[in-house]
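Report on one structure; see the data block that follows.
Please treat every number below as a calculation from the coordinates, not as lab data. As the structure is a prediction and not an experimental result, all values here were calculated from the model. Cβ atoms come from the backbone with ideal geometry, glycine included; neighbour counts cover every protein chain shown.
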Amino acid sequence: MINLKNQHEMLLMQKAGELTALALHKAGEAIAPGISTWDISRIAEEFILSAGAKPTFKGYGGFPAAACVSVNEEVIHGIPSKKRIINEGDIVSIDVGAFKDGFTGDSAYTFACKEISDDAKRLLEATKGALDAGIAMAYAGNRIGDISAAVEEYAASRGFGVVRDYTGHGVGRHLHEDPEVPNFGRAGHGPRLMPGMCIAIEPMITQGSWQVRVLSNDWTVVTADNSLSAHFEHSVGITKAEPIILTRLA
Ligand code: MG
Ligand code: MG
């Protein structure tokens with residue numbers, strides 16, 4: 001069942017979203033050659049705890065850390081490790097959520113470590129643009145398929161692969177709620193968007209094929225062809241007018 005938030009709950013979602021955005025920002029700021037993915041997650045976790053919130057991901061389905069940190073060909077669910085050191089030219093996707101007063105945010109951003117290739121820059125721009133294209137369709141009266149089709153069209157028309165095996169989702173009291181928000185689909189199809197719905201829109205875009213596989217740690221998702229991948233995500237509150245981007249930095 002789709003969970004609609006009342007005005008008070010929407011305010012709590014905004015607070016959780018704001019903390020999520022700040023955690024993501026602080027972790028992203030720390031990216032530099034020589035830092036480990038474990039330290040990146042630790043910085044996000046320390047901020048979340050210091051704000052009186054909880055890292056939503058830690059323990060979720062057994063995930064061991066506060067943030068997913070996915071490097072280069074890793075798409076999502078990278079497990080932070082002290083042995084995984086970031087180098088100049090890497091692209092680093094951080095995905096994090098802060099749980100506060102009964103509600104959670106969920107947001108992701110792919111950061112560049114210093115100078116990256118022009119191809120990697122184009123991938124990041126296309127993924128960010130695909131998220132924006134999806135958000136632009138996120139208002140009451142539209143359907144989930146309108147978001148899905150806009151995301152897919154934006155990325156695919158620029159020659160990028162659109163990951164199909166993982167999707168966006170409703171978000172609120174739980175990290176993953178109904179409905180699913182696929183990054184591909186047909187406009188005019190799927191559940192109708194209603195005021196008070198909160199959804200996470202999260203294109204996962206690749207330089208090559210859309211196909212992915214899961215590493216033997218049972219978590220980390222990588223591109224099947226080892227091409228680079230990027231991931232941008234916002235939690236968004238649906239209204240009759242402009243969507244509220246809950247995880248945008250104020
Ligand atoms: Mg996420
Ligand atoms: Mg999500």
| request: Of the options 230, 201, 216, report the single residue whose Cα projects farthest towards the positive end of the charge dipole of the chain (beta-carbon charges: Lys, Arg +1; Asp, Glu -1). | output: 201
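FRET efficiency for residue 178 and residue 50, Cβ-Cβ distance as r, R0 = 45 Å, nearest 0.05? Don't skip to the answer; put the middle values down first.
On the way: r = 32 Å, r/R0 = 0.72.
The value I calculate is 0.90.
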| task | Give the shape of the range 55-170 as rounded, prolate or oblate, defined through the alpha-carbon gyration tensor: a ≥ b ≥ c are the square roots of its eigenvalues, a/c under 1.5 means rounded, and otherwise the shape is prolate if a/b is larger than b/c and oblate if not. | result | oblate
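Antiparallel DSSP bridges in the range 98-250: what percent, to the nearest 5?
Working: 23 of 24 bridges.
Taking every DSSP beta bridge with both residues in the range 98-250, the antiparallel ones total about 95 percent.
For residue 58 and residue 157, calculate 0.36 nm times their separation in residues minus their Cα-Cα distance, and state this gained length in nm to one decimal.
32.0 nm
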| field | Prolate/oblate/rounded label for the chain (Cα gyration tensor, a/c 1.5) | value | oblate
| Beta bridges per DSSP with both ends in the range 1-160, % antiparallel, nearest 5 | 95
| note | Stretched fully, the stretch from residue 11 through residue 225 gains (0.36 nm per residue minus C-alpha distance, one decimal, in nm) 72.8 nm
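How do 186, 42 rank when sorted from fewest to most other Cβ atoms within 10 Å of their own Cβ? Write down the numbers at each step before the final one.
Values: 186 12, 42 18.
Fewest-to-most Cβ neighbours within 10 Å comes out as 186, 42.
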| remark: Note on the range 55-192: contact order normalised by length, alpha-carbon pairs under 8 Å, 6 or more apart, percent, works out to 19
| For 235, 157, what ranking results if the residue with the fewest other Cβ atoms within 10 Å of its Cβ goes first? | 157, 235
| said: What is the ratio of the Cα radius of gyration of the range 117-250 to 2.2 N^0.38 Å, with N the residue count, to two decimals? | reply: 1.03
| Computed over the chain: relative contact order in percent, which uses C-alpha pairs under 8 Å that are six or more apart | 23
| So which trypsin sites (Lys or Arg not before Pro) in the range 45-116 end up in coil per DSSP with only 11 or fewer other C-beta atoms within 10 Å? | 82, 83
| field | residue 192-residue 29 FRET efficiency (beta carbon distance; Förster radius 45 Å; 0.05 resolution) | value | 0.70
| task | May I ask you to compute the full-extension gain from residue 217 to residue 248, defined as 0.36 nm times their residue separation minus their alpha-carbon distance, rounded to one decimal in nm? | result | 8.0 nm
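As a test of the formula, what do you get for the chain when each DSSP H run with n ≥ 4 contributes -39,500 (n - 2.57) and the sum is divided by the residue count, at 222 nm and rounded to the nearest 500 deg cm²/dmol? Before the final figure, lay out the partial values.
Working: 4 runs with 69 residues, N = 250.
Computed ellipticity for the chain at 222 nm equals -9500 deg cm²/dmol.
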| field | Per-residue Cβ neighbour rank within 10 angstrom, fewest leading, 204, 194, 137 | value | 194, 137, 204
| Whether the range 1-81 is rounded, prolate or oblate, judged on the alpha carbon gyration tensor where a/c under 1.5 counts as rounded | prolate
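How high is the relative contact order of the range 1-90, in percent, with contacts defined as C-alpha pairs under 8 Å that are six or more residues apart? All intermediate terms of the calculation are to be shown ahead of the outcome.
Numbers: 105 pairs, mean separation 26.0, N = 90.
Across the range 1-90, relative contact order equals 29 percent.
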